[in-house]
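Student: My questions all concern the structure below.
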Amino acid sequence: MKVLAVTACPVGIAHTYMAAENLQKAGSELGIEIKVETQGSIGVENELTEQDIAEADGIIIASDKEVSRERFGGKPLLVVGVQDGIRQPKDLIERIMEDNVSVYKGAMPNAETVKAGKKDKENPVYKHLMNGVSYMIPFIVVGGLLIAISLALGGNQTPEGIQIPEDSFWKQIENLGAASFSFMVPILAGFIAVSIADRPGLAPGIIGGYIAVNGSFYGSEAGAGFIGGIIAGFLAGYIALGIKKIKVPKAVQPVMPIIFIPILASLTVGLLFIFIIGAPVASIFEGLTQWLEGMQGTSSFVLALILGGMIAIDMGGPFNKVAFLFGAAMIGEGNYEIMGAIAVAICIPPLGMGLATFLNKRKYQQAERETGKASFTMGLFGITEGAIPFAAQDPLRVIPSIVIGSMTGSVIAMLSGVGDRVAHGGPIVAVLGAVDNIIMFFVAAIVGTIVTALLINTLKRDVAYAGLPEENDTTEVAERTSTEAAPAPETNHNKDKQITQLKDIMTPELVNTNLHGQTRNEVVDEMIHMLDRQGIVESKEMFKNAILAREEESSTGLGMGIAIPHGKSDTVKEPAVAFGRQTQGVDWGSADKTEANLIFMIAVPVERQGEDHLKILQMLSRKLMDDSFREQLLNTDSDREAYELLKTIQ
């Protein structure tokens, strides 16, 4: 018998390999052939081939994140959480052996999907709308950029604005962009319907969206616009879903999704729009467009404040997307000023935070300053999400700063008549020629960026005041050297050392089988002191902050008496692992509620945080799944004996 398995976890580190190790071990004990594919942060390893799948008697997916299952069609498939793969691997394999698993024919939810589904039920309207928006955006971006390029390279200045000659090559590029734009609302409606009713909703949604924007169907010159498209999408989705639930003879079931559901739903949505919905919605949309076009003075000022705040407050989240969708829809109606204000607001949070790190380095740690460079670059390309790392770390100061900055830029752009013909933001759209009143576009963006940078630097304290030494502050190291009973041994630090086994990054001095700390933080302090004595870290406080910041994301208590706290920091001189044993156990917040007895602390320099960090975690997690190995570690009589045992890990 041959069983295949796939293991994965959201972080893609320890649990992925722990589950793989336990499944392989259980397979050996049960006397069956088993192959496990791991989908960790380091990438897919031990990948299952088509031949493996063809020969398999069953497949186990032990994962807490989405794993593609299409390749397992027609095979018995068991989908569980990664913790089940760690704790009950034998039970899972025995279910395959006993043929107690259904054959996979369609989508089967894993743990993460189930959780997401429960959350989505709280606000299904938003979920379906955002599904449509996500598929619509590429059409907007392609269309907008093609039009921008054609205007920039082939346009001529005329009293009516930039015009492209009809016989020009660039006119064809503009037409391609216009064609892409024409798909905007139908795609929006189609994928709203898909989110509700799956594939049977696609055709009715797209057809309904097409009718919505073509007022000729119901006697309107303007059409129902994006509002009509949204209505068409929801109508098509729920009508298709209702038809799907009708019980029909088994002989008819196979053709329901491809014939009866699309036809009946398309007819219903189309006729409703033509005879009932289209004209009233078109009138509302025409009125909204006229109101927006006629806004001047105070009204446009208020609108700009609202749009700027929505764009910045969640940096790519629901509020941001709603404002963006509104601006994109207005482009189709010929109102470019709305998107102009939004295009400025979009780039200010990342540009402002990047500028802030340049202006006052004392406010930011080295890692934050590096993030600032990336953030600034993302801002140039209109990617608001570049500010998220700063907001996540210090939301009470960062979010008000970026909101006020985006509001400022948005208001300046709106009052100056800045227009944007592309559903995108940032200086990139101005460079491509998609912006009207380009000078004021840059003025608005620069002013908003400066406001954000100055405000956040006013609110933030210097790093040193927050209890962290500055980059060149050697006071703590000097004090430590003078107060320690013995100076730290000289170490030949080598940040480029190759790691193939644990002894490459561990010494006997980094082993303590008699930890005294009674709490997690006490043990963390004790083990950091071990690293400090060996000259591995320059600042105990900075490294402790890195360790605790990782613990805040999720506990590194892996269960079965194991904890693997780890930190990546500029204060780490070279990769190292310290081991400690607390025989009484320490509460580490493990998922299985067990206390940690075996604690491994991983220290990695920032520049080696990628593959080395994952390699060490993978190395440890695989070996620690061996019950006998853990038992030996728990029962060693001395630090030296424990070190000799740990040397075997590779």
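What follows draws every value from the coordinates through simple rules; no lab data is involved. Predicted model, so just to flag it, every value in this text is computed and none were measured. Ideal geometry is used to build each Cβ from the backbone, glycine not excepted, and the neighbour counts take in all protein chains shown.
Student: Of the listed peptides 84-91, 623-630, 229-236, what is their order by residue-averaged count of other C-beta atoms within 10 Å, with the highest listed first?
Tutor: Ranking, from highest mean packing down: 229-236, 84-91, 623-630.
Student: Please find the FRET efficiency linking PHE629 to GLN172, where r is the Cβ-Cβ separation and R0 is fixed at 51 Å, and quote it to the nearest 0.05. Intermediate results must be reported in sequence, preceding the final value.
Tutor: On the way: r = 68 Å, r/R0 = 1.34.
FRET efficiency, PHE629 to GLN172: 0.15.
Student: I would also like to ask the following. As an exercise, use a Förster radius of 25 Å and the Cβ-Cβ distance of GLN366 and GLU541 to find the FRET efficiency, rounded to the nearest 0.05. Show your work: numbers first, answer last.
Tutor: Values: r = 14 Å, r/R0 = 0.58.
Efficiency computed from Cβ-Cβ geometry: 0.95.
Student: Among the listed pairs LYS65/LYS245; LYS65/LYS568; LYS544/LYS573; LYS540/LYS615, give every one whose C-alpha distance is greater than 20 Å. Provide the component values of the computation, followed by the final result.
Tutor: Values: LYS65/LYS245 29 Å; LYS65/LYS568 24 Å; LYS544/LYS573 15 Å; LYS540/LYS615 24 Å.
Checking Cα-Cα distances, LYS65/LYS245; LYS65/LYS568; LYS540/LYS615 exceed 20 Å.
Student: Separate question: Between ARG550 and ASN514, take the C-beta separation as r, use R0 = 30 Å, and let me know the FRET efficiency to the nearest 0.05. If you can, show how the numbers build up before the last one.
Tutor: On the way: r = 25 Å, r/R0 = 0.84.
Computed FRET efficiency for ARG550 and ASN514 comes out at 0.75.
Student: Could you calculate the contour length gain from VAL431 to THR594, that is, 0.36 nm times the residue separation minus the distance between their Cα atoms, to one decimal place in nm?
Tutor: 52.9 nm
Student: If you average the sequence gap of Cα pairs under 8 Å that are 6 or more apart and divide by the length of the range 517-593, what percent do you get for the contact order?
Tutor: Numbers: 84 pairs, mean separation 29.2, N = 77.
Value for the range 517-593: 38 percent.
Student: What spacing in nm lies between the two simple spin-label points modelled at ASN156 and LEU267, each 7 Å away from Cα in the Cβ direction?
Tutor: 5.4
Student: Let me ask something else about it. Would you calculate the separation in nanometres between label points at ASP314 and ILE53, each defined as 7 Å from the Cα along the Cα-to-beta-carbon direction?
Tutor: For ASP314 paired with ILE53, the spin-label model returns 3.6 nm.
Student: Between VAL248 and VAL103, 0.36 nm times their residue separation minus their Cα-Cα distance comes to what?
Tutor: Values: separation 145, 0.36 × 145 = 52.20 nm, distance 2.34 nm.
Once the chain is fully extended between VAL248 and VAL103, it gains 49.9 nm.
Student: Length gain on complete extension for the stretch LYS615 to ASN521, per 0.36 nm per residue less the alpha carbon to alpha carbon distance? Don't skip to the answer; put the middle values down first.
Tutor: Values: separation 94, 0.36 × 94 = 33.84 nm, distance 2.55 nm.
31.3 nm is the gain from fully extending LYS615 to ASN521.
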